[in-house]
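Rule-based calculations on the coordinates, nothing more; no lab input. All values derive from a computational prediction rather than experimental measurement. Neighbour counts are summed over all protein chains in view; Cβ atoms, including those assigned to glycine, are modelled from backbone coordinates with ideal geometry.
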């Protein structure tokens, strides 16, 4: 809806500047196609991203290899979840 209203707003602004439409369409008429502040905020909001559960994090960290020093370093956060 946000993109459609934005496109319509730009279209009306363009028409208001053309010779045949200047007397009928004013530039202020394009403001009709503006979302309310609340709707604009809602349209820009990103949906919440899913996060793993504690059990899923424990399992993933438990399955991490620990053969090399780098792998051991990476796995060092495991005790924080235990």
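Cβ-Cβ distance of residue 10 and residue 38, R₀ of 22 Å, FRET efficiency by 1/(1 + (r/R0)^6): the value works out to about 0.50. Computing log10 I(q)/I(0) by the Debye sum over Cα atoms at q = 0.15, 0.25 Å⁻¹ for the structure here picks out one of (i) -0.54, -1.34; (ii) -0.55, -1.20; (iii) -0.69, -1.10, namely (iii). The relative contact order of segment 2-44, computed from alpha carbon pairs under 8 Å that lie at least 6 residues apart in sequence, is 45 percent.
Tell me the mean residue ellipticity at 222 nm calculated for the chain from its helices only (DSSP H runs of n ≥ 4, each -39500 (n - 2.57), averaged over every residue, nearest 500). So the helix-based figure for the chain works out to -14000 deg cm²/dmol. Relative contact order for the chain: 22 percent, from Cα pairs under 8 Å spaced at least 6 residues apart, divided by residue count.
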